[in-house]
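Working notes, beginning with the structure itself.
Read-outs throughout are calculated quantities, based only on the coordinates presented, and are distinct from any laboratory measurement. Note that this is a predicted model, so its numbers are computed, not measured. In this analysis, Cβ positions are derived from the backbone assuming ideal geometry, glycine residues included, and neighbour counts consider all displayed protein chains.
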Amino acid sequence: MLIFDSGVGGLSILKNIKKILPKIHYIYILDNEAFPYGNKTEFFIIERSIKIINTIKKIHPITIVVIACNTVSTVALSILRNKFKFPIIGIFPDIKTASKITKNKIIGLIATKTTINSYYTKKIIYKNSFSNTIQVIGTNKLALIAEKKVRGITVPEIKLKDIFQPWTSLLSYPDTIILGCTHFSLLEEEIKKILYKKSSLFFIDSIQKVAFQIKNYFYKSKNNQNIKKNILLYSKNTKDLQNLLCYLKRYQFAKIEYFNLN
Ligand code: DGL
């Protein structure tokens, strides 16, 4: 199984996969060289995803790909599915579930700018906005804050307040919030603190949904795995990598190393 994201966001999916499929092995591509995906063009994201899959394909046979990133999924999933034969699972902002849950009919969707501007997201917002008001925040700052948090850098409340200001200044606040980027789940507590006083909140991040889709796949296909250990490959050597390695320990990767994607 190949899993990829621009950074640590996808690890929140991995955590859930490990819970329900403890025996599955995987290669996690942490594409920090291209972080953040959220400010890249659709063309770049499509090309980059193809490159990641093709490069890994050459060194490890792939049975399934998990795109642990809303930005890549909303922009490139259908293209990637047409291009490759193995199953590819993606993660999407789940407005449908939010519509069922919301009581005040105000839904908040926060995601990267590329996700918000994608055709897929525009379409689901349009479809669901007849029965709900959908308040949208497109930001590339929050994923960076999540990356810093896992490296032990304190989350600056003032920056969070600034990001969520479009909602905190509303007269009626969303009661259901879609975390449309896998990085944001790592900040759920901090986000709650900023918004909690406003109303009782419900968060939707699609992570469990994806984990169950993967479980279902392995159950149905009875696929034998061909990767024998868990590996993390990162695409850029950076100074702060030591701090990140500390965080990664909890995932018990047998191998963590640099991988050239160029
Ligand atoms: N974690 C990613 C997502 O779910 C992308 C964050 C970024 O690189 O901008 O959208």
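Just give me the residues in the range 68-87 being surrounded by 23 or more Cβ atoms within 10 Å (Cβ to Cβ) and in contact with a strand residue (DSSP E or B) (Cβ under 6 Å, 6 or more places away or on another chain), in sequence order.
Quick first cut of the range 68-87, residues surrounded by 23 or more Cβ atoms within 10 Å (Cβ to Cβ) only: 68-76.
68, 69, 70, 73 - these are the residues of the range 68-87 that are surrounded by 23 or more Cβ atoms within 10 Å (Cβ to Cβ) and in contact with a strand residue (DSSP E or B) (Cβ under 6 Å, 6 or more places away or on another chain).
From the residues in the range 233-259 that are of a type in the set (D, E, K, R) and assigned to a loop (DSSP other than H, G, I, E, B), which one is farthest from the chain's Cα centre (by Cα)? Spell out how you get there, then give the answer.
Going through the range 233-259, the residues of a type in the set (D, E, K, R) turn out to be 236, 239-240, 249-250, 255, 257.
Among the residues that remain, those that are also assigned to a loop (DSSP other than H, G, I, E, B) are: 236, 239-240.
Numbers: 236: 19, 239: 24, 240: 21 Å.
The selected residue is 239.
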Within the range 88-97, can one find any residue that is within 16 Å of the ligand (Cβ to nearest atom) and farther than 22 Å from residue 127 by Cα?
yes
Count of the range 126-147 residues which are within 13 Å of the ligand (Cβ to nearest atom), surrounded by 16 or more Cβ atoms within 10 Å (Cβ to Cβ) and part of a helix (DSSP H, G or I):
6
Can you confirm whether residue 256 is in contact with a helix residue (DSSP H, G or I) (Cβ under 8 Å, 6 or more places away or on another chain), without any contact (Cβ under 8 Å) to a residue 60 or more places away in the chain and under 30 Å from residue 58 (Cα atoms)?
yes
Among (1) without any contact (Cβ under 8 Å) to a residue 40 or more places away in the chain; (2) farther than 21 Å from residue 248 by Cα; (3) of a type outside the set (S, T, N, Q), where does residue 22 come up short?
(2)
Criterion first (in contact with a helix residue (DSSP H, G or I) (Cβ under 9 Å, 6 or more places away or on another chain), within 20 Å of residue 201 (Cβ to Cβ) and among the aliphatic types (A, V, I, L, M)) does residue 111 satisfy it?
yes
Pick from the range 17-51 the residues that are within 19 Å of residue 118 (Cβ to Cβ) and hydrophobic (A, V, I, L, M, F, W, C): which of them is nearest to the ligand (Cβ to nearest atom)?
35
Test set (1) without any contact (Cβ under 8 Å) to a residue 60 or more places away in the chain; (2) more than 14 Å from the chain's Cα centre (by Cα) - residue 42 fails condition number:
(1)
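Residue 214 - would you say it is buried (at least 16 other Cβ atoms within 10 Å of the Cβ) and either within 16 Å of the ligand (Cβ to nearest atom) or in a loop (DSSP other than H, G, I, E, B) (or both)? Give the derivation first.
Numbers: buried (at least 16 other Cβ atoms within 10 Å of the Cβ): yes; either within 16 Å of the ligand (Cβ to nearest atom) or in a loop (DSSP other than H, G, I, E, B) (or both): no.
No: the conditions fail for residue 214.
For the range 179-198, what are the residues that are crowded, with 16+ Cβ neighbours inside 10 Å, away from the ligand (no atom under 16 Å from the Cβ) and not hydrophobic (A, V, I, L, M, F, W, C)? Steps first, please.
To start, the set of residues in the range 179-198 that are crowded, with 16+ Cβ neighbours inside 10 Å comprises 179-187, 190-191, 194-195.
Those still in the list that are away from the ligand (no atom under 16 Å from the Cβ) too: 190, 194-195.
Correct list: 190 only.
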